[in-house]
Amino acid sequence: EDPATLEMGSLTGLSSQAHAHYGLPAIQFSDEPDVLKKEPRRFAIPPTVHTFGKNFAETYTDLAVVSRALNQGDDAMSLLFAGAAAHHIEDVANQIHTVQVGIYDFFVDAKLQSIKENLLSVGGLVRSRKSFVPIGIDIISNHHLLAESLFADQLLLFGDQLLHSDDVTAAPPDLEFSSPLEAQNSGCTPGFGAAIAKSLIERSSFEGPLVYQEIRRAALAKLSQANFVVHEGDPPQSFLRQHAKLDEFFRLQTLGIGRAKQALDAWWTHYLNCRSDGAIASQFAEHLISARLAELQTAEARASAYQPKPPEKESVDYWVLALYLGLLIPIIAIIYRRRQRHRL
């Protein structure tokens, strides 16, 4: 329906969800590797990349308010939509959902592995091999899944001794995030769901590269190798280096939880200020319909202009074959000369 969804993942599989659960900051992006090295949150392929986490948070917010206004005395449906809005807001409190690639090290790992694959396959002559981009996607996905599963395993299970919910509750609020929240009108005004998500995305995106950096340091080297894939449900401890240092990783995760709480507290304040009457329902319904129609129009425009890439055909890299021959011929010549001398 919208080719922009393919800018963050595939049509199927885990990455097909990325467009809806990521939220990249509203900044100028670049696909230059040097930008990934110096300003990783500003790197994206393509530089015109679209993410829709903020849009989903806004849609479900509008539906929650309309449902509450229309179904006086029965908030079941309203709370269902409120939970969906919370889901998308919490997603962008997880810092790795606000950067596309994260760190330059992943770029280097993928490049080295693609060269290695090319050499081991003799340029694709003896077997099929993955190219740079699929290898890079797998490396990012491996570390992304490890970070999420380790987060859930160590922070969310009841009775865990590493970190408790008290650590989040007792921690002071993030003042850099509090400021934009407090600057917003706390009343019942259409757009508050997107405004909260946007502020959270901006704040989280500075720490996304840091989370990836920490999880890469803690992870086994095989997660950065071609043809190795981490799957959902795999035990995270099996992918960690021995004596891996995780203090900074968990500190960053705790900051993310704290901001999620700040964001949802702000969201709930707006929501409770929305009266249960027809005027509020009409106001938010008009906002919802207007926003959705605009999104559908831009999606249709992208679809009509979309030119799918032709299927990638794997070919033999004759330069690699020439390299092997270039190394092999002198070796054969040396062996031949030595045998000739031995005969004499």
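The values are calculated or read from the model by the stated rules, or taken from the named source; none is laboratory data. The shown structure was predicted, so the numbers you read here are calculated from the model rather than taken from an experiment. No Cβ is skipped: glycine too gets one built from the backbone with ideal geometry, and neighbour counts run over all protein chains shown. Only protein heavy atoms, including side chains, enter the accessible area calculation; ligands, DNA and RNA are left aside. Shrake-Rupley method; radii C 1.70, N 1.55, O 1.52, S 1.80 Å.
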Calculate the spin-label point distance for residue 228 paired with residue 244, positioning each point 7 Å from the Cα along the beta-carbon direction, and give it in nanometres. 1.1 nm
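Could you sort the peptides 310-321, 37-48 by per-residue average Cβ neighbour count (10 Å cutoff), highest mean leading?
37-48, 310-321
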Cα atoms only, the stretch 62-138: Rg and Dmax in Å? 23.3, 70
Counting just the Cα atoms, what span does the chain cover along each of its three principal axes? Round to the nearest Å and put the largest first. 106, 54, 33
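Order these peptides, 301-308, 14-21, by their mean beta-carbon neighbour count within 10 angstrom, highest first.
So the order, starting with the most tightly packed, is 14-21, 301-308.
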Helix-only [θ] at 222 nm, the chain, -39500 (n - 2.57) per DSSP H run of 4+, per residue, nearest 500, equals -19000 deg cm²/dmol
In nm, to one decimal, how far is the residue 340 label point from the residue 120 one, both placed 7 Å along Cα→Cβ? 3.8 nm
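Which of the peptides 76-89, 191-204, 174-187 is most tightly packed, and how do the rest follow, judged by the mean count of other Cβ atoms within 10 Å per residue?
Working: 76-89: 18.1, 191-204: 24.2, 174-187: 13.6.
For the peptides 76-89, 191-204, 174-187, the packing ranking is 191-204, 76-89, 174-187.
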Viscosity 1.567 mPa s, 4 °C: Kirkwood-radius Stokes-Einstein D of the stretch 1-141 over Cα pairs, µm²/s: 75 µm²/s
So for the pair residue 1, residue 304, with labels modelled 7 Å out along Cα→Cβ, what separation do we get in nm? 1.9 nm
For residue 37, go through the lysines and keep the ones whose alpha-carbon is under 20 Å away, minus same-chain ones fewer than eight residues off. 111
Sorted from largest down, give the three principal axis spans of the alpha carbons of the stretch 215-334, whole angstrom values. 91, 50, 21
Not counting ligands, DNA or RNA, and with a 1.4 Å probe, what is residue 232's accessible surface area in Å² rounded to the nearest 10? 140 Å²
Taking a straight Cα-to-Cα line shorter than 14 Å from residue 116, and setting aside same-chain aspartates and glutamates fewer than 8 residues away, one finds 317
Angle between the chain longest axis and helix 208-218 axis [Cα atoms, degrees, rounded to 10]: 50 degrees
Based on the Cβ-Cβ distance from residue 268 to residue 112, what FRET efficiency comes out when R0 is 30 Å, to the nearest 0.05? 0.05
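Go ahead and run the numbers for FRET between residue 324 and residue 293, Cβ-Cβ distance against an R0 of 45 Å, rounding to 0.05. It would help to have the intermediate numbers written out before the result.
Working: r = 59 Å, r/R0 = 1.31.
So, using R0 = 45 Å, E works out to roughly 0.15.
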